[in-house]
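Structure record follows, encoded as structure tokens.
Read the figures in this text as sums done on the coordinates, not as results from a lab. These figures come from a predicted structure and were not determined experimentally. Because the Cβ atoms are built from the backbone with ideal geometry, glycine has one as well, and the counts that use them run over all protein chains shown.
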Amino acid sequence: MKICAATGNAGKLRELRRILEAQGHEVVSQKELGITIEPDETGTTFEANALIKAETICKASGLPTIADDSGLCVDALDGAPGVYSARYCGHHGDDEANNDKLLEKMKDVPAGQRGAKFVAAVCFILPTGQHLTCRGECPGRVAFERLAGDYGFGYDPLFIPDECGVGRTDKRPNSEGRSYAQLTPDEKDAISHRGNALAEMEKKLPEFLKKAE
């Protein structure tokens, strides 16, 4: 199936394309289609924002479209930055400023109280308006400093997942304490919030498409 990926985030596009192509789909980005719309994310949940993005770009592209809204939910901050993750610093898409603010907010939080989870809601929508939304989560904790690696984007250098992937599907404890940014793509996809949401979607999509006919 040819699917439009509704995102202008290069890192997110790489992950969506990598995971969806492994599932057998052809992925074209909104940029490749010449679509420059940036929908206003006015929802108060990940699911609502994913639907807003999917609906807008689907109408512009005329193709089945997939969009995700994701963020980091920190226990010690009552779930913040949550749906405001991309604009936590006060403006959109400044990864370094977002990470700086999170480190500052967490500077006095001890090791045992730094729990967090990444959450993703992925929405697949047809030009008819019928849509399917799946949620994925990945538990872990916030590091005391950036643990930068060769991969990742956003808050990835600050997030230490509880597990890491082995191959494409197996998992093991992240005993080395590596950050999302230090995991290889396969190690991350097998356990990540986005990977989990897309795996759930892969299970549900055939029945959804059958009912949509």
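The DSSP beta bridges internal to the chain are antiparallel in roughly 85% of cases.
In a DSSP loop and with at most 10 other Cβ atoms within 10 Å, the GluC sites (Glu not before Pro) in segment 149-197 are 176. To the nearest whole percent, what portion of all C-alpha pairs in the chain is separated by more than 20 angstrom? Here the long-distance tail beyond 20 Å is 56 percent of all Cα pairs in the chain.
Helical content of the chain, expressed as a calculated mean residue ellipticity at 222 nm, amounts to -9500 deg cm²/dmol (DSSP H runs of 4 or more residues, -39,500 (n - 2.57) each, divided by residue number, nearest 500). Sites listed here are trypsin sites (Lys or Arg not before Pro) in segment 78-180 whose DSSP assignment is loop and whose Cβ has at most 10 other Cβ atoms within 10 Å: 107.
Translational diffusion coefficient, Stokes-Einstein: compute it for segment 11-86 using the Kirkwood radius over C-alpha pairs as Rh, at 25 °C and 0.890 mPa s, and state it as an integer in µm² s⁻¹. This corresponds to a translational diffusion coefficient of 180 µm²/s.
Protection proxy ranking for 69-75, 198-204, using the average of other Cβ atoms within 10 Å per residue and placing the highest first: 69-75, 198-204.
Between the Cα long axis of helix 46-61 and the first principal axis of the chain there is an angle of about 40°, rounded to the nearest 10.
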